[in-house]
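Before any comments, here is the structure.
No value in this document is a laboratory result; all are computed from the given coordinates. All values derive from a computational prediction rather than experimental measurement. Here the Cβ is made from the backbone with ideal geometry for all residues, glycine too, and neighbour counts use every protein chain on show.
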Amino acid sequence: MRLPTDFNKILAFAARSALVNRRNIFAVFEMLFWPAIGIFSVGLLTRFLNLDAETVTFILIGAVSMNTIQIAQLDLSYALLYSVWAKSLKHEFMAPVRLTHILVGAGAVGLVRGLLVFVVMGFFSMWLFNMDLSRPGAGGLLIFLTGMFLNAAVIGASVLALVLRFGQRAEVAAWAFSYLMLLLCGLYYPVSVLPAWIGKLAQIIPLTYFLEYYRHFYGFSLNYPHPLLYGFSLSVVYLCVCYALVHYTLKSALHRGTLLRLSE
Amino acid sequence: MQTAIIAQGISKSFKTGFFQPRKQVLHDVDLEVASGAIFGILGPNGAGKTTFISILATLLRPDAGQARVLGLDVVRDAGRLRKRVNLAASGAHFLWCLTVEENLKFYGRLYGLGGKALSAKVGELLDLFELQPHRRVTFERLSTGLKQRLALAKALINTPELLFLDEPTSGLDPEMAGHIREEILRLNQETGLTILLTTHNLREAELLCGEVAFLKEGRLLARGTMADLQERLGLGDHLSLFFQDGVPALDYARLPGILVHKIENNRVDLKVDRAEERLAPILAAVSQARGRVVRVQLKEVDLTEIYHEITH
């Protein structure tokens, strides 16, 4: 691996994502407007229901997490969609790039944008709804953020595989995947309230464990033992599976002519 | 002669839908292209030109056959080969919201360029294709001609040893198409860059290509230089002699190089193998037979004729 060369290839995808976001007014909506609407509506609902501070924090952690993951996965999901929309996919794959360059480059921008959403939404939650984000300490916060970004990477990589297989039609998956995952992992409620069979599904989602871990600092009991072990193990397994899936779909695209079809 | 491309028995088919038979797009195609040449692949729509060029450019894998480009296998050594080749296609498509300069930088980075080397290369290409005044214009705002120039500039970002051009002037106005052709010729002459191009435009192939191959329905029908093909197909240049006082009595069929002849009023239409070479002896023979030629009309065989002969 030649580091400067690889760094430039990663930088190519990172710089492209950053430029597209900067030029796109809707990216501002994605990052600020919709998350803010989400936080305010959920926060105001907790106020109306007159909930205690811990429960408010429980719910707002879910709202902040949802927006953070949603934004963080978008850059990765869009990494190839930009090329599909521009019909330039064949030029990107004509260059000597590897999947790692795409995943790391676009993923880095997603991480920065996700972090920004977390900071801004966290600030709003603390300022307006007295949520205490700092109780788990810097270590707890860092672990929780890492878990969220790993989940975002899993969603983004799955969408990449779908884009390589189905092209533009996969766009809807960029949003649908994360909403489905967030519904199942106990975003606004403990997973114990889910019907038993949905609870089983929640157990295979890493975010379930990271939310549990973070929330236990606020006095909520753990439904699962060793949440970090399960959370990180599942994340690593899913990332490996997704990487293999993207790799396979790319290989298949070279046989099926998908790269050419998506560039017409 | 060094060979830049060797393709042997390339076949490719595509699925056309569930429970549908596969469509065979290429049948057992063989091709060799010499280093430093401009080689044209000609054929009607759906002939398999783009499929073939895409296989050589590592964007598509063949079902059968082998191809080596610059000595590298297009499947096994695809990663190494991509560093040394590039592609420009008709209907240039790049990210709409990036400027000319940003698009070039993006592709430069994909080939591992960075820092001063990247800036220098981008600057050089902006100058070469007269894109400097448009460097800060986003792709969506460029005219078709400028987009195509950007496509060519992008194709040279990694200083390739071999360039694939898929219908490089398709959709351009004649003036812009002419500029692009001049640029292609200049690149080939000045840098020795090997170019494999597909085109519908036979005039373009005549102007640019030293050698051509004809594809039809996925089969390679013929290949060679214009002179080779002309000879092989028995096609001749058209020579018409117009006389003042009637056609002189002469056994035209026995004149050197005559393939076909036809006498009509005061005119003789001859089809000769090589008009330039045969004109003088024919005129001498006519003069000896006391024929008074008032006008000579010469039309050399062109690619259109060859194309028609091969593909119909």
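Output ³J(HN,Hα) for segment B:251-263: one whole-Hz value per residue in order, computed from phi by the Karplus curve 6.51 cos²θ - 1.76 cosθ + 1.60 with θ = phi - 60°, and x for Gly and Pro.
For segment B:251-263, the Karplus curve yields 7, 5, 4, 9, 6, x, x, 7, 9, 9, 9, 8, 9 Hz.
Using the 2.2 N^0.38 Å rule of thumb for compact globular proteins, work out how chain B stacks up: its C-alpha Rg over that value, please. Write out the running numbers ahead of the final one.
On the way: Rg = 24.1 Å, N = 312, 2.2 N^0.38 = 19.5 Å.
Output field value: 1.24.
For chain A, what is the calculated [θ] at 222 nm in deg cm²/dmol (nearest 500), taking -39500 (n - 2.57) for each run of four or more DSSP H residues and dividing by its residue count?
Working: 12 runs with 206 residues, N = 264.
Taking each H run of at least 4 residues, the total per residue is -26000 deg cm²/dmol.
For chain B, give me the percentage of DSSP beta bridges that are antiparallel, rounded to the nearest 5 percent. Present the calculation step by step, with values, prior to reporting the outcome.
On the way: 39 of 58 bridges.
The antiparallel fraction comes to roughly 65 percent.
Just A:ILE198, A:ILE143, A:ILE39 to compare: in a GNM of chain A, with alpha carbon springs under 10 Å, which one fluctuates most?
A:ILE198
Defining a contact as two alpha carbons under 8 Å apart and six or more residues distant in sequence, what relative contact order in percent does chain A show?
Numbers: 310 pairs, mean separation 66.2, N = 264.
Averaging sequence separation for qualifying contacts and normalising by length gives 25 percent for chain A.
Past the 23 Å Cα-Cα mark, which pairs from A:LYS9/B:LYS15; B:LYS83/B:LYS154; A:LYS251/B:LYS116? Before the final figure, lay out each step's value.
Working: A:LYS9/B:LYS15 33 Å; B:LYS83/B:LYS154 13 Å; A:LYS251/B:LYS116 34 Å.
Over 23 Å Cα-Cα: A:LYS9/B:LYS15; A:LYS251/B:LYS116.
Calculate the mean, over all residues of peptide B:92-101, of how many other protein chain Cβ atoms lie within 10 angstrom of the residue's Cβ.
Details: counts 3, 10, 5, 11, 7, 8, 7, 2, 0, 0.
That average works out to 5.
For B:ARG219 and B:LYS116 in one chain, what is 0.36 nm times their gap in residues minus the Cα-Cα distance, to one decimal in nm?
On the way: separation 103, 0.36 × 103 = 37.08 nm, distance 4.67 nm.
That works out to 32.4 nm of additional length.
For the peptides A:133-142, B:154-163, what is the packing order when you average, over each peptide's residues, the other Cβ atoms within 10 Å and list the highest mean first?
Put in order of decreasing packing, that is B:154-163, A:133-142.
By a straight-distance test (C-alpha under 19 Å), which aspartates and glutamates pair with B:LYS299 as possible cross-link partners, with residues fewer than eight away in the same chain excluded?
Answer for B:LYS299, where 19 Å is the Cα cut-off: B:GLU204, B:GLU206, B:ASP228, B:GLU231, B:ASP237, B:GLU264, B:ASP269, B:ASP273, B:GLU276, B:GLU277, B:GLU309, listed by chain and number.
Would you mind putting A:154-166, B:257-269, A:233-245 in packing order, based on average other-beta-carbon counts within 10 Å, highest first? Walk me through the numbers before you get to the answer.
Values: A:154-166: 24.9, B:257-269: 14.2, A:233-245: 16.4.
So the order, starting with the most tightly packed, is A:154-166, A:233-245, B:257-269.
List the residues of segment B:192-208 whose backbone N lies under 13 Å from a point placed 7 Å from the Cα of B:ASP302 along the Cα-to-Cβ direction.
B:201-207
Under the Karplus relation 6.51 cos²θ - 1.76 cosθ + 1.60, θ = phi - 60°, what is the ordered set of whole-Hz ³J(HN,Hα) values for segment B:282-297, x standing for Gly and Pro?
Ordered by residue, 3J(HN,Hα) equals 5, 5, 5, 5, 5, 5, 4, 7, 6, x, 10, 6, 9, 7, 10, 10 Hz.
I need the peptides A:17-30, B:74-87 ranked by packing, meaning the mean over residues of other C-beta atoms within 10 angstrom, with the highest value on top.
On the way: A:17-30: 15.3, B:74-87: 18.8.
By packing density, highest mean first, the sequence is B:74-87, A:17-30.
Among the complete DSSP H segments of chain A, which ones combine at least 18 Å of alpha-carbon extent along their axis with a mean Kyte-Doolittle hydropathy of 1.6 or more? Before the final figure, lay out each step's value.
Details: long enough: A:3-23 (29 Å, 0.09); A:34-48 (21 Å, 1.26); A:53-86 (48 Å, 1.10); A:99-129 (42 Å, 1.90); A:137-166 (43 Å, 1.87); A:171-184 (21 Å, 1.64); A:227-256 (42 Å, 0.99).
Both cut-offs are met by A:99-129, A:137-166, A:171-184.
Give me the three principal axis extents of chain A from the C-alpha atoms, as integers in angstrom, largest value leading.
Per principal axis, max minus min of the Cα coordinates gives 57, 38, 35 Å.
Using 18 Å as the cut-off for backbone N distance, which residues of segment B:1-24 belong to the label zone defined by a point 7 Å from the Cα of B:ARG80 along Cα→Cβ?
B:3-7
Once you place label points 7 Å from the Cα toward the Cβ at B:VAL293 and B:THR144, how far apart are they in nm?
Using points 7 Å along Cα→Cβ, the separation is 4.4 nm.
Per 10 Å bin, what is the whole-percent P(r) computed from every C-alpha pair distance within the protein assembly as shown?
Binned Cα distances yield the sequence 3, 15, 20, 18, 14, 11, 8, 4, 3, 2, 1, 0, 0.
Please state the relative contact order of chain B as a whole percent: Cα pairs under 8 Å, 6+ residues apart? Show your work: numbers first, answer last.
Details: 589 pairs, mean separation 59.0, N = 312.
The normalised contact order for chain B reaches 19 percent.
Going by amide H atoms built from the backbone, whose H comes under 5 Å of the H on B:VAL29, apart from near neighbours?
B:GLY9, B:ILE10, B:SER11
Could you compute Rg(Cα) / (2.2 N^0.38 Å) for segment B:36-109, with N its residue count? List each step's numbers first, then the result.
Details: Rg = 14.7 Å, N = 74, 2.2 N^0.38 = 11.3 Å.
After normalising by residue count via 2.2 N^0.38 Å, the value is 1.30.
Before rounding to the nearest 500, sum -39500 (n - 2.57) across all DSSP H runs of length at least 4 in chain B and divide by the residue total; then give [θ] at 222 nm in deg cm²/dmol. Intermediate results must be reported in sequence, preceding the final value.
On the way: 10 runs with 106 residues, N = 312.
Computed mean residue ellipticity for chain B: -10000 deg cm²/dmol.
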